[in-house]
Amino acid sequence: MKRVLSIGLVMALVSVACLAADVPSVNVAGFARKGVAAGELTIVGVNLAGIGGDQTLQSLFGDDVTAGVTPGSADRIVTWDAVNQQYQAYCMYSVDGEFYPCDTLDEWNNGAATNPVLEVGEAVWFKTHPTIPNEVSVTGEAVAETTKDVPMVFGLNLVCYPLSAEITIDDTSLGSNTDAVQGTTPGSADQLITWEGSGYQRYALYTDGNWYGCNTLQEWNDESVLGSDRVLKVGEGFWYRSRNATGITWTEANPYLANL
């Protein structure tokens, strides 16, 4: 029998609920719910493992998306290929309930139905139908590994905290990672970039191992935006720009394993 853990909302819409059975359990199911206005973008993080298998587009979003007969009449999910530094978009076709690639009209019309695996620690863009708002529920099982790795390449990576809990940017292990590049200027350091609903907030890694806002040079010099204040919610993703030519492996220790 499962304990069911409801993990709080992301960004603007917050709702937390927890239900726990009195019996021991070997796994914990959970969800994170976020509202997205019509025509809006959000970055969704895969902080929960699949139930009985891999997380996929269908398992993560299949029950929530607005499907359509054309890409313009449907919600759009966009993955990031870090190796090639390029996007791939998918929409659900309303006739068969399957996802199809839709970067081009030819791809949509002639491509095969697909259901890509989404690894824990990955993130994707979610864009709602132009006139229909949505509520996205990220569901799955709490990650139950002792540590979790997220490999990242040189350049931009679309990722999330790879465990099923919230955490501040400074409390992640990224600042102390020996492969992360610290710097005295934002342009010389790794950057972590959050999406705030209508624009980005950039943080750069200073030589003290902490993250400081760097949307402007004044923001950086004044230390007015701190990584210690920014909580990464369950279900939230972000960009990570690695300046290490060989990339970085981000390893996080599980803070809640003993409580599962």
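Here, each number is a calculation from the coordinates, and none is a lab measurement. Bear in mind that the values here come from a model prediction, so they are computed numbers and not experimental data. Here the Cβ positions follow ideal geometry from the backbone for every residue, glycine too, while neighbour counts run over all protein chains shown.
Gyration tensor analysis over the Cα atoms of the range 34-137 returns equivalent ellipsoid semi-axes of 19, 17, 14 Å (largest first, whole Å).
Within the range 189-260, the GluC sites (Glu not before Pro) that combine a DSSP coil assignment with at most 12 other C-beta atoms in a 10 angstrom radius are E196, E223. From the alpha carbon centroid of the range 38-84 to that of the range 203-220 is 31 Å.
By count of other Cβ within 10 Å, fewest leading, how are D54, D190 ordered?
Values: D54 13, D190 24.
Ordered from fewest to most neighbouring Cβ atoms within 10 Å, D54, D190 come out as D54, D190.
Can you work out the PRE-style zone for D171? Point 7 Å along Cα to Cβ, and I want the residues of the range 189-204 with backbone N under 17 Å. Residues passing the 17 Å test: none.
With contacts defined as alpha carbon pairs under 8 Å and 6 or more residues apart, what's the relative contact order of the chain in percent? Could you put the intermediate results ahead of the total?
Details: 670 pairs, mean separation 60.7, N = 260.
Once divided by the residue count of the chain, the mean separation gives 23 percent.
Once the Cα-Cα distance is subtracted from the 0.36 nm per residue extended length, the F154 to D103 segment shows a gain of 15.9 nm. Taking max minus min of the alpha-carbon positions on each principal axis, the chain gives extents of 54, 51, 32 Å, largest first. Largest GNM mean-square fluctuation among I193, I132, I169, using the chain with Cα springs under 10 Å: I132.
In which sequence would F31, F99 go, from the one with the fewest C-beta neighbours within 10 Å to the one with the most? It would help to have the intermediate numbers written out before the result.
Numbers: F31 18, F99 24.
In order of increasing Cβ crowding within 10 Å: F31, F99.
Just checking the listed ones, L118, L217, L205: in the Gaussian network model of the chain with Cα springs under 10 Å, the one fluctuating most is L217.
Considering only Q86, S137, L60, and ranking their Cα positions along the charge dipole of the range 34-137 that arises from unit charges at the beta-carbon of Lys, Arg, Asp and Glu, the one farthest toward the positive end is S137.
Roughly how many whole Å is it from the C-alpha centroid of the range 161-182 to that of the range 107-147? When both Cα centres are located, 23 Å separates them.
Applying 1/(1 + (r/R0)^6) with r as the Cβ-Cβ distance of N115 and S198 and R0 = 41 angstrom yields a FRET efficiency of 0.85.
Based on Cα coordinates alone, diagonalise the gyration tensor for the range 145-260, multiply each eigenvalue by 5, take square roots, and list the semi-axes in whole Å, largest first.
Details: eigenvalues 101, 53, 33 Å².
Semi-axes (√(5λ), whole Å): 22, 16, 13.
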